[in-house]
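Read the structure below first, then the notes.
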Amino acid sequence: MFGFVGLRDKAANLTYMTDRRFMPFSYLADELKDLEAAGLRRHRRMLESPQGARIVVDGREYLSFCSNDYLGLASHPALIEAAQSAAVRYGVGAGASHLVSGHSVLHHELEAALAALTGLPSALLFSTGYMANLGIVTALAGRDDEIFADKLNHASLNDAVMLSRAKFTRYPHFDLAALEKRLAASRAKRKLVVTDAVFSMDGDIAPVPELLALCERHDALLVLDDAHGFGVLGRAGRGILEHFSLPLTPHPSRILYMATLGKAAGVFGAFVAGSAELTDYLLQRARPYIFTTATPPLLSAALVASLKLIEGETWRRERLRELIAALKQGLKLQRWRLMDSTTPIQPVIIGSNQETLAVSEALRERGIWVPAIRPPTVPKGEARLRISLSAAHTVEDVKWLAQVLNELETT
């Protein structure tokens, strides 16, 4: 009898636990359905090839315009050879954080090479750009400080500001008058202006000389996230500072330069560059640096090889300019709008989430891969195709994309 009662109680308890009203995560299913209905639910697809102008996804080959591999280095033989040689000598994993025993001679060589390429006194490696931004902002700002951020900044910068507990002041995109007004009114102990250098969804370039002048006038630090400019901008690919021909003295003490190494550089990671005091301070205080296992040394070897190609093979940036011109010339859009961008990021604004998804799917049916970007990544009503050009593309590739887009807009 007691056994029967016990079984009955277990059955009742199971019914209780499986009753949707009592499932603690039942609301997740409802929210997923809402995302699906709004055209905002995201799905992963399986890449079965190296990154390149042509990729294999879910068993089918596509002409790809969705990678940030702007210089076409992600599968370059020189990078692969460097990584293989380093793996044989130094193994695969770093085994510990940089401050314990994970700081390899290869990490050190890469930091020196990054400082030399950017022309800044010192560089410090981070595992990702997201972590680098968290490290910079939370180490340098706190409750008594104020951070001024462009409204279209990357999510990593916004999250970093919120975690810092500093006052968070956003200014309209590129509105320098509004920024100066807010800087002048601030009574914060310390002021930081943080901005993308190249905005990842619009492809436009921040007015860095004017921002720097404002920072000097109002005694603020300038944090530049050059994730999409490093390797692409400037004659030698040194990024936003070279693009504007900014003198590096006396500015290094005021500029905090961050760039990622998984886009134009073709590998993985990120770095912060600036004064020696800055990088040493971050080494002491940036929690995402201190409490993270160092990246595999073999990646640093591949990146040293990448930096040589970035600086030496200027034809890759020349090819990008040629491809941008071909796309602008080839597109004859009436309802949709190609944004005004001089970078490899060439967004086509469609507007509706559902139409943008449908166009992206229609492109895939034609063997072309262009991602649909929707809110909250971009503002509501500005869903778009984010076309990413690479030096691995040909002019014929771009002309074909333009032709298909022109046809799809009129159907």
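Check each of the trypsin sites (Lys or Arg not before Pro) in segment 33-123 and keep only those in coil by DSSP with at most 15 other C-beta atoms within 10 angstrom; list them in order.
Here the trypsin sites (Lys or Arg not before Pro) that fit, given the DSSP loop and packing criteria, are ARG41, ARG42, ARG44, ARG45.
Run a plain Debye calculation on segment 77-312 (Cα atoms as equal point scatterers, no solvent) and give log10 I(q)/I(0) at q = 0.07 Å⁻¹, rounded to two decimals, same order as the q list.
-0.21
Please identify every one of the GluC sites (Glu not before Pro) in segment 105-206 that sits in a loop by DSSP and has no more than 16 other beta carbons within 10 Å of its own beta carbon.
none
Lys and Arg at +1, Asp and Glu at -1: add these up for the other residues within a Cβ distance under 13 Å of SER122 and post the number.
Local net charge: -3.
Using just the C-alpha positions of segment 191-325 as equal point scatterers, what log10 of I(q)/I(0) does the Debye formula give at each q in 0.09, 0.11, 0.12, 0.22 1/Å?
-0.29, -0.43, -0.52, -1.46
Return the lysines within reach of LYS328: Cα separation strictly under 28 angstrom, same-chain partners fewer than 8 residues apart disregarded; answer none if there are no such residues.
Result set, ordered by chain and number: LYS151, LYS263, LYS380, LYS399.
Which parts of segment 160-177 would a label at ARG217 reach, counting a residue when its backbone N lies under 18 Å from a point 7 Å out along Cα-to-Cβ?
Once the point is set 7 Å along Cα→Cβ of ARG217, 171-177 turn out to lie under 18 Å by backbone N, inside segment 160-177.
Just add up the charged neighbours of ALA227: K/R +1, D/E -1, any other residue whose Cβ is under 9 Å from the Cβ of ALA227.
Taking every other residue near ALA227 into account, the sum is -2.
Working from the alpha-carbon coordinates of the chain, get Rg over Rh, Rh being the Kirkwood radius.
Ratio value, two decimals: 1.03.
If exposed chymotrypsin sites (Phe, Trp or Tyr not before Pro) are those in a DSSP loop with at most 15 other Cβ within 10 Å, what is the longest stretch of the chain that has none?
26-290
Since every read-out is calculated from the coordinates, none of them should be taken as a lab result. Only a predicted model underlies this, so the values are computations on that prediction, with no experimental measurement involved. Reconstructed Cβ throughout: ideal geometry from the backbone, glycine too, with neighbour counts over all protein chains shown.
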